Structure formats: C-alpha cells, structure tokens
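The values are calculated or read from the model by the stated rules, or taken from the named source; none is laboratory data. Just so it is clear, the structure is predicted and the values come from calculations on it, not from any experiment. A quick note on method: Cβ atoms are made from the backbone with ideal geometry, for glycine too, and the neighbour counts reach across all protein chains shown. Note: areas computed on protein heavy atoms with side chains; ligands, DNA, RNA excluded. Shrake-Rupley method; radii C 1.70, N 1.55, O 1.52, S 1.80 Å.
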Amino acid sequence: STAVFIGTFRGTHTGHLDRLPAPTHKSMETEYVYSMHVNANGKVDKITKVWHSAWAAAQVGWALPVGVPAAAEHLFHACESGQGWQGVMHYCTHDAVFSAQAEPLQDITAVREYAEWMKGIAIIAMPGCSYELNAQAFDPDTSTATFFGTFRGTPHTGHLDGLPAPTHKSMETQYVYNMHVNSHGKVDKITKVWHSAWAAAQVGWTPPSSVPVNAEHLFHACESGKGWQEIMQYCTPDAVFSAQAEPLKEITTVHGYAEWMKGIAIIAMPGCSYDLNAHSFDPETSTATFFGTFRG
C-alpha cells in the first residue's frame, strides 16, 4: 500500500530561512522520489524521501563539491597525452599498481608499465591521437577519483610490440579510470574499465564476432509473422522460450511464441512493422542478442 512520486524541483535561493546558509541567489534543479505508505483508512502514515541533497546543495551554493585531488587529475592528463612514466611518476607512488579486464592490458600490473604502453600508443602506434575528459568526480569516503574519458585514435600506422601489424584504421572508444589516492595525496592504484574488444574491432585488431545466420533468420521470420512453419528450420524442435511479460507468461516454447507473433502480425495488427536496431554475438556463451523496435 505504497504510492511513489518522482518529481523535479526548481528553485532560486533568495530568502533567509533557519537551518540554511545565507541567500546565495543561485538556482537548483533537482530530482527526487517520495515513497508514501497509505494506511487502512486511506491516509498517509509514513513518507520516505530519496534525494541527492549534496548535488542540489552544490548547485545552489550551500556546499562545495569535493574536488578531485590534483595528483590524480595531473596523472590522467599526463598518461592520456602519452608522456609515459617520466611524466606520470610525479603523481603516483613508485610501486602503484594497475589492473584492467581488457585483453591488450592483461599482462600489465603496474602504473609504470601502463604509462609506457600509453606512450607507445600515442607516439608510435597512433601518432596524432587525442582524448577528451568527459567527466570526473571524487569519493572522499573511499579516497577514489573517477575519470570518464573518450580516446580517439588516428589510423593505426606504427609498429608496436604486442599489437597487430598496422591496419590504417581508427577507433573512438570510451573508458573509465578509478584512481585510489593515498594519505600523502598520491595515486597508488589504478583500475581501468574499458570495452577493449569493441575498440579492437573498430581498429581491425580483431574481427567482430558475427551473429550466426540461423539466429538472424529466426529473428526476422518471427518479427514478420511467418510463424512456426518458417521458423522451425532455424531452431531445434523443442527450443524453449521465456519472458517476464504478462501476455507471454504461459508461453514456454519457441513454437508457441512464433505462432503468437504470427497472430499479432496477421490478425491483431495487420500492417505492423519492426526495426532491428542492433545485434551482437558473444562467442563465449554462444548467445546472439537482438535489440528491436516493434510498431503495431
């Protein structure tokens, strides 16, 4: 028995009010959620508010946002611009560690090594490459600086150990760094979150995994209302189906779902259409994924 309200508050602070700082004449726009419990008599007996007050306070000047430590920010720019260990070493401990769940970086465990790898990318493999710092933040509770960036690699023209031969292709790839800052203000650990396979496919280091033909044919046959007679050639006779969706909760086979979609396309909504917005294939789990839009 709970009502939920999602709202946006817009205000400019011009008046004096107890428990607030002096008027700042600045504005805020802040989103929030109310969860209200309603009792048996239909009256509210409890309200919970979910609100990022620190964000709102920073906008209106009631509190200053916590700044990113200078050493972390300097390290980010030195690393991304290819200055190597000589440019990075001033901002981190000599034994600062590095980690990333990314194929090209799997053997790199030290910031020293990573800085030199980035130098090789920037100077040898992709001279003229650039980067953009999209956003940055600092969590004082964990002493962690976070940087969200975009790397734009000019055509891969130079030979670099550990990389394939030059492909003369470019990449644009997004990534995140989490940098832990120690009590002396220096970075002692960096974790990089990066979809390296996506970047590698762009630049031609590895071919993207193709979606199996049967899966793609099945998708189009199903969405166009061809029914089981067409779809059966692309799947096993006992292929299972599941969906957490009310109209489909009792359908447990692809056979059943194909006939349901046929009914939608031919009887319920003749003339309906669909778009395949994107598709991909994960060879490790042998799973094809399709993102579509249905217009009925």
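For the reader, a short list of remarks on this structure follows.
- Residues that are surrounded by fewer than 17 Cβ atoms within 10 Å (Cβ to Cβ), of a type in the set (A, V, I, L, M, F, W, C) and closer than 21 Å to Thr293 by Cβ within region 223-259 comprise Phe241, Ala243, Ala245, Leu248, listed in sequence order.
- Residue in region 101-113 that is closer than 21 Å to Gly204 by Cβ, open to solvent by 50 Å² or more (accessible area, probe 1.4 Å) and either of a type in the set (A, V, I, L, M) or not in a helix (DSSP H, G or I) (or both) present: yes
- Leading residue by the ranking (surrounded by the fewest Cβ atoms within 10 Å (Cβ to Cβ)) among those in region 72-98 that are among the aromatic types (Phe, Trp, Tyr) and within 27 Å of the chain's Cα centre (by Cα): Phe98
- Once region 156-185 is narrowed to residues that are aliphatic (A, V, I, L, M) and in contact with a Lys or Arg (Cβ under 8 Å, 6 or more places away or on another chain), the residue that is surrounded by the fewest Cβ atoms within 10 Å (Cβ to Cβ) is Val176.
- Across region 33-84, the qualifying residues are those that are charged (D, E, K, R) and in contact with a strand residue (DSSP E or B) (Cβ under 9 Å, 6 or more places away or on another chain), and the one among them that is farthest from Asn178 (Cα to Cα) is Asp45.
- Members of region 10-35 found to be within 16 Å of Gly61 (Cβ to Cβ) and in a strand (DSSP E or B), listed by number: Arg10, Gly11, Thr12, Ser27, Met28, Glu29, Thr30
- Of the set (1) closer than 21 Å to Gly292 by Cα; (2) surrounded by 16 or more Cβ atoms within 10 Å (Cβ to Cβ); (3) at pLDDT 95 or above, all apply to Glu216 but (3).
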